[in-house]
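The values are calculated or read from the model by the stated rules, or taken from the named source; none is laboratory data. Given the structure is predicted, the values throughout are model-derived calculations rather than measurements. Ideal geometry is used to build each Cβ from the backbone, glycine not excepted, and the neighbour counts take in all protein chains shown. Accessible surface is based on the protein model in full, side chains and every heavy atom, while ligands, DNA and RNA are left aside. Shrake-Rupley method; radii C 1.70, N 1.55, O 1.52, S 1.80 Å.
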Amino acid sequence: MVARTGARGLVILDRDGVINRDSAEFVKSAQEWLPLPGSVAAIARLSRAGYTVAVASNQSGLARGLFGRNALRAMHRKLRRLVAAEGGRVDRLVVCPPGPDDGCNSRKPRPGLLNRLARHYGITLEGVPVVGDSLRDLLAAARAGATPVLVRTGNGMETSRRLPAELRGIRTYDDLAAFAAATLDNNA
């Protein structure tokens, strides 16, 4: 069955560093999963405006044994609950649990997670914004034919200094709230 996107289309977000605080020690529980200021409201705002919001995230902490599937589900339930409390919805969350040396096609910077979302929704990703804070997010977006968007939260400041030539000039925002505001203002 092919899902449909909202009237305004699809927005794909990375998780750690875009929606919630990232950690070099990994986010391992719902208690450690802390939203960045304005991120939950931004997702709800996009959703209420007719966008379908999906999340695509590498989660190698599973392969590393740092947390289990139940802990990951608890983190995602917390995200969905917080967004729902603001009147919005996260439609779909897809993750890649293998580690960086496991050769998984879904692990960003490879486009597998994004392609999985495209298949789920029955669309191409041309023009679909993929919001990330790391080079791997942006490269996955470009390789999937989507539109890479950088936020300066998480690893975003460092990423903005290291952008390869083919990604210079991409849309860049201070945070997810600024991206949502600009997206909604441009499509009003």
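Pairs of Cα atoms in region 69-121 fall into 5 Å distance bins, from 0 up to the last occupied one, in shares of 4, 17, 21, 18, 22, 12, 5, 1 percent. Shape class for the chain: rounded, because the ratio a/c of the largest to smallest gyration tensor axis (alpha-carbon atoms, square roots of eigenvalues) is under 1.5. Over the chain, dividing the summed -39,500 (n - 2.57) contributions of all DSSP H runs of at least 4 residues by the number of residues returns a 222 nm mean residue ellipticity of -10000 deg cm²/dmol. Surface analysis of region 41-159 yields an accessible area of 42 Å² per residue, using protein heavy atoms and a 1.4 Å probe. As a rough guide to protection, the peptides 42-48, 109-115, 87-93 ranked by mean Cβ packing within 10 Å, highest first, stand as 42-48, 109-115, 87-93. With only Cα atoms counted, region 1-82 has Rg and Dmax values of 13.6, 40 Å.
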